[in-house]
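What follows is a single structure, written as structure tokens, with notes after it.
The numbers here are math on the coordinates, done by the rules we state, and not lab data. Bear in mind the structure is a predicted one, so any value in this text is a computation, not a measurement. Cβ: placed from backbone, ideal geometry, glycine included. Neighbour counts: every protein chain shown.
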Amino acid sequence: MRFEDAFAYTRNVAGSFEEPCCRHLWEAAIRCHGTMLEVGVLYGRSASLLLQAARVNHTKVILIDPCEPRHQEVRERAARDFPDVEAQVLTVESKDAQVNEPLGLVHIDAVHCVDETGYDHPWHDAEHWLPLLEPGGFACFHDYDPVVFPDIVRAVDHFTADWIDVGTVGTLAIRVKPV
């Protein structure tokens, strides 16, 4: 499946993920051969790309976001449009999600900063999820922007300092865990 075919579907899904970022995520997802996990689903635009790639690669998708109303729409879309894909939607905070399987791709697009209590969401998301990523797996980080979201850049640069930098397109940074 080509990106243009996948994006023909995805462009009709609400969300802020722009076409260049979608293409960059697609290029990683279509090469993934393990379970794909997304933290921060919003309306499901980037998740729709993961579901389409999972259909091609015969892999599983796990979607994590604490917002139940949005999840209902994402669940319905996954069941209706991707009945052949094993998809799990977890309505919990990232830090409370329990996933105990190796991952081939992690896409982190959740809370982008340190909150008012001092909880560093980007740091903890990277610390929590990246150890589950298999060697050779893809780590994708949306809103990698040192001016607007310095907490994301700090966490990504710390946890992936010696990883392969696939590049940043728009604000989507992708790294590959060393083998």
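Please give the residues of the stretch 149-179, grouped as numeric ranges, whose backbone N is less than 17 Å from a label point set 7 Å along the Cα-to-Cβ vector of Glu4. No residue passes the distance filter.
For Ile174, the shell of other residues with beta-carbons less than 14 Å away shows a net charge of -2, using +1 for Lys and Arg and -1 for Asp and Glu.
Here Val166, Val56 are placed in order of increasing Cβ neighbour count within 10 Å, fewest first, which gives Val56, Val166. Going from the residue with the fewest nearby Cβ atoms within 10 Å to the one with the most, Arg80, Arg45, Arg31 rank Arg80, Arg31, Arg45.
Computed over Cα pairs, the Kirkwood radius of the stretch 67-179 leads via Stokes-Einstein (0.890 mPa s, 25 °C) to a diffusion coefficient of 161 µm² per second. The modelled label-to-label distance for the pair Val179/Asp81, using points 7 Å beyond Cα in the direction of Cβ, is 3.4 nm.
Note on Ser94, Ser46, Ser16: ascending count of other Cβ atoms within 10 Å places them as Ser16, Ser94, Ser46, the fewest first.
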